[in-house]
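All remarks here apply to the structure that follows.
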Amino acid sequence: NPLIKILFCTLLSLLILGCGAAPGGDSLDGANSDLGLPLSGAAENNRAAWNTFSDSSFSAAKTLFNQTIGSGDATAHDLSEAYAGRGWTEVKLSGSSHGISDFRLALEKNSSQPEARVGLAGALISKGERSDIDEAVTVLEGLSSSAGSFSFVDRYNVGVTNAEAHAMLAYAYFVQGNRAKSDEQISIARDLDSQFSGTPVDQIDEILSFIP
């Protein structure tokens, strides 16, 4: 159903972009509390970058993530964190599709990097093509060793909850025609979403329930 697809992709775009900033700019009140501090190595630089990201200072965070990527002492894990972080800054600044390449680079360095998986899956679902949806299912299932039985913790304020990640997978399963798995995932999302009234999970549930 093209209308359902449009409604969901619009909702997902709002979910991933969050409230901190519209595409194309930083939050005006984002604090750069970590800028200027002495940094010791890529891991510490990533910590400062993610803290800056959490303050909604996305351009400043991107600069710090770039420092890690360009450093000579970054481990594969450090690079994975930095690429995931830079991907999310691109999402916040320019829209979901702009983070795809960095999310892929992050997963090449560390296939279990959770923020990269959730960011990539959201961006792929937003594109809306069947091949993208199929890949998004694989990406989200990879959050745990037992397919859809994952628990996503939003460590850095990227703006996606565990419930919302399960709701995204529910929609992706639905598009694949797997109604049983879709129902299972939206049920998990519903149980995890303590508010469940006007939330993204609530709206996704309504969209899926609307289709016979």
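The values are calculated or read from the model by the stated rules, or taken from the named source; none is laboratory data. The structure displayed is predicted, hence computed values, not measured ones. With ideal geometry, Cβ positions are generated from the backbone for all residues, glycine too; neighbour counts draw on all protein chains shown. Accessible surface areas use protein heavy atoms only, side chains included; no ligands, DNA or RNA. Shrake-Rupley method; radii C 1.70, N 1.55, O 1.52, S 1.80 Å.
Which residues, counting only those in the range 66-93, are over 17 Å from the mean Cα position of the chain (by Cα) and in a helix (DSSP H, G or I)? Passing the criteria: N66, Q67, T68, I69, G70, A76, H77, D78, L79. Looking only at the range 87-106, residues that are surrounded by 24 or more Cβ atoms within 10 Å (Cβ to Cβ) and touching a Phe, Trp or Tyr at 6+ places or on another chain (Cβ under 7 Å) come to 7 in all. Quick check: is even one residue across the range 154-162 β-branched (V, I, T), in a helix (DSSP H, G or I) and touching a helix residue (DSSP H, G or I) at 6+ places or on another chain (Cβ under 7 Å)? No - not one qualifying residue is present in the range 154-162.
In the range 147-206, of all residues being of a type in the set (S, T, Y) and open to solvent by 30 Å² or more (accessible area, probe 1.4 Å), the one that is farthest from A61 (Cα to Cα) corresponds to S187.
Do the conditions hold for A61, that is, is it open to solvent by 10 Å² or more (accessible area, probe 1.4 Å) and either under 20 Å from I125 (Cα atoms) or among the aliphatic types (A, V, I, L, M) (or both)?
no
Filtering the range 131-152 to residues that are in contact (Cβ under 8 Å) with a residue 40 or more places away in the chain and assigned to a helix (DSSP H, G or I) leaves I133, D134.
Scanning the range 111-130 finds one or more residues that are touching a Cys at 6+ places or on another chain (Cβ under 8 Å), open to solvent by less than 10 Å² (accessible area, probe 1.4 Å), under 27 Å from G177 (Cα atoms) and part of a helix (DSSP H, G or I). Taking the condition of a type in the set (S, T, Y) and in a helix (DSSP H, G or I), does S182 pass? When the stated conditions are applied, S182 passes them.
Taken over the range 93-111, the criterion of being hydroxyl-bearing (S, T, Y) and modelled with pLDDT of 95 or more is satisfied by S101, S111.
The listed residues are S59, S112, S80, S94, and the only one of them that is within 18 Å of G159 (Cα to Cα), in contact with a Leu (Cβ under 9 Å, 6 or more places away or on another chain) and among the polar types (S, T, N, Q) turns out to be S59. The residues in the range 71-92 that are more than 21 Å from S112 (Cα to Cα) and at pLDDT 95 or above can be counted, and the count is 0.
Beta carbons closer than 6 Å, at least 6 apart along the sequence or on distinct chains, pair a first residue in the range 94-106 that is farther than 20 Å from L143 by Cβ with a second that is outside any helix (DSSP H, G or I) and open to solvent by 60 Å² or more (accessible area, probe 1.4 Å) for S94/P23; G95/P23.
Of the numbered criteria (1) surrounded by fewer than 24 Cβ atoms within 10 Å (Cβ to Cβ); (2) more than 20 Å from Q176 (Cβ to Cβ), the one E135 fails is (2).
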